[in-house]
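Visitor: The structure's right below; bear with me while I get my questions together.
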Amino acid sequence: MKRTGPTLITMESQNPISGQVKPHSDKITSELPVSTPSNNAISVSKKLTLIPLIFLIYFEVAGGPYGEEPAVQAAGPLFAILGFLIFPFIWSVPEALITAELSTAFPGNGGFVIWAEKAFGPFWGSLMGTWKFLSGVINIAAFPIKPHRWISLGQKGVKRDWNLFFNCLFWNLNFWDNVSTLAGEVENPQKNFPMALLVAVIFTCTAYLIPLIAVIGAVDVDQSKWETGFHAQAAEIIAGKWLKIWLEFGSVLSAIGLFEAQLSSSAYQVLGMANIGILPKLCATRSKKFNTPFVGIVVSTLIALALSYMNFTVIISSANFLYALGMLLEFASFVWLRRKMPTLKRPYKVPMKIPGLIIMCLVPSSFLIFVMIIATKTVFLVSGVMTAAGMGWFLLMRFCKSKKLLKFSETDHELN
């Protein structure tokens, strides 16, 4: 089918109010902004149901085993297998649990931006938006660039590259919370989010581990050959050229899915930030034909194209660094909201009290800090410049709002 303009996973609201949260109790009202489609939007509306939501999450995080190969090159087969076996429990599961609770408590477009804004105010909501949006578009920029032996500790004389190893694990198993930016487009989010995240976690871990174990067990090659795309080379060694072509075709489809899923998340994040008054109202404009946030699509695509000229390693490390900053703020927002808003209705609630939640967040937070510490000077510089730009952008938007130079959605930033 021929398409015009940028492709995007299309989700439209069944009524003109999308992302609005009804009062949860007499004490606390979590009012999210109104997202109103154009009057000329498609009359028959659709929302994202459970099965599409599962695959959207899957493609926002993984999209297949492509990209896991450098973990073997960096630290050897054993550490690669252990990494993809253990890391989901200390990182992916906590992030998915937090996403399930907060997405069902605040089911509006914007996700983590709303959480930080509700917890700490507009400045931190804006900074969260900067970190997560830039990490997302940097992630988009990566896709066009490069789409008995199990217990081996690696070849002798090959120095382990822990920086590459941990960044590879982190890059392949993060972004679980990206789906929260589309919460306003999901049918029955209170029910579908927890189930979709659970299935996606299992699906993702299986998709990484089975091919990795199979290839390590079947192919004996120099460790340095485990670069991105090696799975296709291994397929040719195992079964011939036909299997290599099949895997390469699969990697192309995977890259398309990853690109569109991340683009959808970034575009709806822009829309959500406009809905709560952090960005100008113009950024919430939807396509009259498809009801998609085309301003967010265009902005995300242009920034990703510009960043695609960066070095691939710098791209991954910068995305991870900015994402780590955002996740530290997200963990803090999660604990703060649980403590300060105990009567807020949470359709799904992580079954832990505050001390348990703090411990749950401290474990992945320690890893986030480690990832930031081992970053190169270039990554520190790039991330620092982008963070400073985000702070400057917040001040600029506040100036424009005070002088009424641009139109902004009026929302109440106070917690009731």
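Every read-out reported here was derived from the displayed coordinates using simple, explicitly stated rules and does not represent laboratory data. From a predicted model like this one, the values you see are computed outputs, not experimental measurements. Don't worry about glycine lacking a Cβ; one is built from the backbone with ideal geometry, like all the others, and counts go over all protein chains shown.
Visitor: What percentages make up the Cα-Cα pair-distance distribution of region 253-316 when the bins are 10 Å wide from 0?
Guide: 21, 45, 27, 7
Visitor: Here's another thing I want to ask about it. Measuring from label point to label point, each 7 Å out along Cα→Cβ, what is the M391 to T376 span in nm?
Guide: With each label point 7 Å from Cα toward Cβ, the separation is 2.6 nm.
Visitor: Take the alpha carbon gyration tensor of region 50-402, find the square roots of its eigenvalues, order them as a ≥ b ≥ c, and report rounded if a/c is under 1.5; if not, report prolate when a/b exceeds b/c, else oblate. Mind showing how you got there, number by number?
Guide: Details: a/c = 1.66, a/b = 1.54, b/c = 1.08.
Taking the square roots of the gyration eigenvalues as a ≥ b ≥ c, region 50-402 is prolate.
Visitor: When the chain is fully extended, how far beyond the present Cα-Cα distance does V298 get from K225, taking 0.36 nm per residue of separation? If you can, show how the numbers build up before the last one.
Guide: Details: separation 73, 0.36 × 73 = 26.28 nm, distance 3.74 nm.
Computed gain between V298 and K225 is 22.5 nm.
Visitor: May I pose another question? Output the pairs from K132/K288; K340/K401; K118/K404; K46/K132; K191/K340; K47/K191 with a Cα-Cα distance over 22 Å in this structure; if there are none, say none.
Guide: The pairs that break the limit, which is 22 Å between Cα atoms, are K132/K288; K340/K401; K118/K404; K46/K132; K191/K340.
Visitor: Let me ask something else about it. Please work out, to two decimal places, the log10 of the ratio I(q)/I(0) at q = 0.16 Å⁻¹ from a Debye calculation in which every Cα of region 85-130 carries one identical scatterer.
Guide: Debye intensities relative to I(0), on a log10 scale: -0.49.
Visitor: Quick check: net charge around T204, other residues with Cβ under 15 Å of its Cβ, Lys/Arg +1 and Asp/Glu -1? Walk me through the numbers before you get to the answer.
Guide: Working: positive: none; negative: E60, E68, E95, D177.
Summing Lys and Arg as +1 and Asp and Glu as -1 gives -4.
Visitor: Only sites in a loop by DSSP and with at most 12 other Cβ atoms within 10 Å count here; which chymotrypsin sites (Phe, Trp or Tyr not before Pro) in region 238-309 make the cut? It would help to have the intermediate numbers written out before the result.
Guide: Values: sites: W242, W246, F249, F259, Y268, F290, F294, Y309; in loops: F290, Y309.
The qualifying sites are Y309.
Visitor: Specify whether the C-alpha gyration tensor of region 249-389 places it in the rounded, prolate or oblate class, a ≥ b ≥ c being the square roots of the eigenvalues: rounded for a/c under 1.5, otherwise prolate if a/b is larger than b/c and oblate if not.
Guide: On the way: a/c = 1.78, a/b = 1.19, b/c = 1.50.
Taking the square roots of the gyration eigenvalues as a ≥ b ≥ c, region 249-389 is oblate.
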